[in-house]
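To start, the structure itself, in structure tokens.
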Amino acid sequence: MDQRDISVIIPVYNGIAHFEECVGSVVNQTIDKDRIDIILVDDASTDGTGELCDKLACAHPDFVRVIHRDKNSGHCSAGRNDGIDASRGEYLLFFDADDFMMPEACERLVTHAREWNSDILIPREEIKWAVEGKAHIVPGYCAEGKPSVPKAFRFSDFCVGKDMDARRLYRKSLIVDNKIRFEETLSEEILFGVEALFFAETVSLANDYTYFQYMQWQDGMNICAPTNHSYAKSFDGRMVAVDRLFEIIEEHDAREIAYPYLYRKIYMHPVYRLISTMMDQRDWQEESKRLPELRESAIKHWNSSVASVLGFTERAVLEALFAERYEMLPLVRKLGKIPVKPREGCRFSVDTHIEPRCLSHVLPQLSCLSTYVLHRLVQAQLCSVTVEDCSISTGILSSIVTGKITQVGKAASYSEIKLIGESKRRRFAIDVKADENGNWEAKIDASKRSLKSLSLSISIGDDTIIVPLEY
């Protein structure tokens, strides 16, 4: 077999809109064409992508080859595995059909891998968001001049961060000798990458060049496979990844070095994504009955170190899962995604955009969560106060100000309410009492009738919310 330096493996399904630009960026690499091997795996496309693959192979017969799958696999993994079997490069690079490769990428990667004796080489990338059209560079991984990662830091943040994907350079012998394959489930790139990290002798980081630009779609998918991913999105499909990742750590006796960042990756991707995928499907009520199974598998590895490095929303949802508050998961996730307005001193006001009746019972049921998460939920999402139907009735000796307070998300009574006003002459504050329905009334004497402003100061625990009144 004709040996090459690098095999670039690109699976594609119905990718006609982006595929030609992608392959063009690979075909036009500065590396000598007798050193590169490009394998296009057509996963039974129906939009003409297969014919385009053949056209490209005919135009570049020396270094472009096509594999046609008879039946669609429904996932990128099968195409990548076919590419591994057919590859003839010393190094393997897995690429998606909607990504773009910078001109010097392959040449630089091979040069660095040989210079550093790399089994895995992690390059710097640029992310482009398909919907917003924005792009940003993934931050540099390490200090210049120190490309290799010591084994003690193999699972630190820069190796298993949220940009852990298949676009890494792998020594083929590492993959073949250790029988590492892509599994047909979501999180397959993490499974493949984690297992390879355990077996690799040398892992290196290339921060000297922006090697790839990859497309991030709104739904997190790419165009390698159909968008339904029915099995991979199912509970069983997700659980394959969750259980297998924990098994890999146990097989390598690596629980200590896996904390906290590899575990963070597992909890944020296959575990949390399993829950969120279930919520976004119509069968939530049915599949949610299996949440105890997920809890039993995931709680064994959960601790405060992992929790401390999770995102707020993911941590809140997982805390509720482990506390067996399964019915609360959709609401906790929804609350965790609400943007929070900046606070000024101890005063804050947050617009939840959720009807009060949905949240009035939440606080007592969330008491199972950790103090940190509970405080954040209460502070940021649940203490939103509105005042309705405010009006002033002016009499001879006094004005009567009335209104109704709706406190979103907390059933407990207010500790203190004051009506604060400013007239032409002075400022004043009047104690206000609200009934159990939130209705309140206050009297302002005639000397303060010429008002410039009015607001309610409402204390809830340690916080005070100022609500300006319109009258």
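Descriptive notes on the structure:
- Taking the criterion of being under 19 Å from F246 (Cβ atoms) and open to solvent by 40 Å² or more (accessible area, probe 1.4 Å), the residues of region 299-314 that qualify are I299, K300, W302, N303, S304, S305.
- Checking the stated criteria, I67 turns out not to satisfy the condition of being at pLDDT 95 or above, under 23 Å from T210 (Cβ atoms) and not hydroxyl-bearing (S, T, Y).
- Of the strands (runs of 3 or more DSSP E) that lie entirely inside region 1-89, those containing 2 or more residues that are crowded, with 16+ Cβ neighbours inside 10 Å and free of Cβ contacts under 8 Å to residues at least 40 places away in the same chain span 36-42, 64-68.
- Subset of region 191-220 (residues that are exposed (fewer than 15 other Cβ atoms within 10 Å of the Cβ) and modelled with pLDDT under 80): W217, Q218, D219, G220
- Output for region 315-335, where each listed residue is outside any helix (DSSP H, G or I) and open to solvent by 40 Å² or more (accessible area, probe 1.4 Å): E324, R325
- Residue within region 238-255 that is buried (at least 21 other Cβ atoms within 10 Å of the Cβ) and modelled with pLDDT under 85 present: yes
- For region 129-147, the count of residues that are assigned to a loop (DSSP other than H, G, I, E, B), at pLDDT 90 or above and in contact with a strand residue (DSSP E or B) (Cβ under 6 Å, 6 or more places away or on another chain) is zero.
- In region 175-187, the residues that are assigned to a helix (DSSP H, G or I) and open to solvent by less than 10 Å² (accessible area, probe 1.4 Å): I175
The values are calculated or read from the model by the stated rules, or taken from the named source; none is laboratory data. The structure displayed is predicted, hence computed values, not measured ones. So basically every Cβ, Gly included, is an ideal-geometry build from the backbone, and we count neighbours across all protein chains shown. What goes into the accessible areas is simple: the full protein's heavy atoms, side chains included, and nothing from ligands, DNA or RNA. Shrake-Rupley method; radii C 1.70, N 1.55, O 1.52, S 1.80 Å.
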